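The values are calculated or read from the model by the stated rules, or taken from the named source; none is laboratory data. Source: prediction; values computed, not measured. Don't worry about glycine lacking a Cβ; one is built from the backbone with ideal geometry, like all the others, and counts go over all protein chains shown. Only protein heavy atoms, including side chains, enter the accessible area calculation; ligands, DNA and RNA are left aside. Shrake-Rupley method; radii C 1.70, N 1.55, O 1.52, S 1.80 Å.
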Amino acid sequence: MNDQAEALRNLVKQQELRLERKETRVITVTSGKGGVGKSNFSLNFALSLQRLGKKVLVFDADIGMANIDVLMGRTSTYSLYHLLKQEKTIWDIVQNGPEGLHYIAGGSGFRDLLELSEEQLNRFAAEIEKLHGEYDVILFDTGAGLSKETVKFITAAQETIVVTTPEPTSITDAYALIKMVKSMDMNVVFKLIVNRATDQREGKETADKISLVARRFLQSELPTLGIVPDDSNVSKAVKRQVPFMIAFPDTEAATAVSRIAKQYLDIQQPYSDNGGVKGFLTKLFRLTR
């Protein structure tokens with residue numbers, strides 16, 4: 001009888017632990033072209049989410065220009081490469097950033113990921129799945145443009161934030177990326193960030209322009225998540241290798257990103273157990289094969 005009671009208590013405890021586990025949201029941040037401030041936005045957006053009480057992991061998935069650690073003034077000991085080579089576990093490669101923000105350094109590891117054998121993929125998946133429930137948000141900062149790696153991450157994630165600026169080439173490239181991905185998977189959820197806007201009017205005009213074209217030619221809604229003003233303090237923070245949310249917390253850009261993070265959390269909708277890290281991996285590996 002005592003053994004049965006103990007077994008029942010253990011079962012109840014396990015159920016309670018499962019209920020307490022976080023639902024992990026997987027998002028990507030991308031852009032149609034480089035130089036629009038995508039990685040800087042990703043980092044400071046992640047910090048803002050963390051300040052709102054969310055536990056966040058930033059995954060630097062930019063193969064060619066991985067620089068999240070540089071923006072923080074950190075030197076990463078390990079990266080995804082060491083996990084793929086089975087030299088380290090997932091917890092070994094998670095690095096500590098400012099204000100307790102966790103990140104995983106990028107590099108050539110993501111290209112290696114696309115060439116793994118089935119056995120290696122399964123081993124990799126088992127490690128990555130350990131992240132589910134440990135974080136509220138896992139943010140993949142992808143490479144800019146239409147590389148096959150970037151497209152795979154976009155279509156595997158639950159949603160994608162596209163960063164653009166008011167410059168015509170940036171607008172054109174952002175639309176081209178959205179158009180290409182939508183031609184592959186109409187169910188991809190996009191949200192738009194207009195960065196380096198002279199003022200709210202310019203930012204809104206830019207967002208309306210892209211949204212109108214997406215609605216007319218792609219039959220797709222493209223909601224605007226927010227507008228970040230052009231702010232000289234951002235480049236100063238980059239030179240200091242300190243996130244502008246920390247270096248200049250009261251500046252216009254920091255205020256805007258804080259507002260965007262709050263809005264992002266306010267508009268979140270419940271999602272099924274098919275999402276999260278497991279859902280992301282399932283889609284990613286299906287696309288990889």
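At a glance:
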read-out: Distance between modelled label sites at Thr198 and Glu119, nm, 7 Å Cα→Cβ extension; value: 6.1
read-out: Region 42-107 and region 141-174: distance between their alpha carbon centers, rounded to Å; value: 19
read-out: Calculated FRET efficiency for the pair Lys209/Lys239, C-beta based, R₀ 45 Å, to 0.05; value: 0.90
read-out: Per residue, the convex hull volume that the Cα atoms of region 171-213 enclose (Å³); value: 67
read-out: Per residue accessible area of region 112-223, 1.4 Å probe, in Å²; value: 45
read-out: Rg [Å, one decimal], Dmax [Å, integer] - region 119-259, C-alpha atoms; value: 17.1, 53
read-out: Relative contact order (%) - region 105-235, alpha-carbon pairs under 8 angstrom, separation at least six; value: 20
read-out: Rg/Rh (Cα only; Kirkwood hydrodynamic radius) as it applies to region 184-289; value: 1.06
read-out: Apportionment of accessible area to carbon and sulfur, region 130-289, percent (1.4 Å); value: 53
read-out: Charged-residue dipole, Cβ positions (Lys, Arg, Asp, Glu), region 110-202 about Cα centre, Debye nearest 20; value: 360
read-out: Cβ-placed point charges (K, R +1; D, E -1), dipole of region 140-289 about Cα centre in debye, nearest 20; value: 540
read-out: Which listed pairs, of Lys54/Lys152; Lys88/Lys152; Lys22/Lys204; Lys85/Lys148; Lys22/Lys209, have C-alpha distances above 32 Å, in listed order; value: Lys22/Lys204; Lys22/Lys209
read-out: q = 0.08, 0.12, 0.14, 0.22 Å⁻¹: log10 I(q)/I(0) that the Debye formula gives for region 45-189, counting C-alpha atoms only; value: -0.23, -0.53, -0.73, -1.53
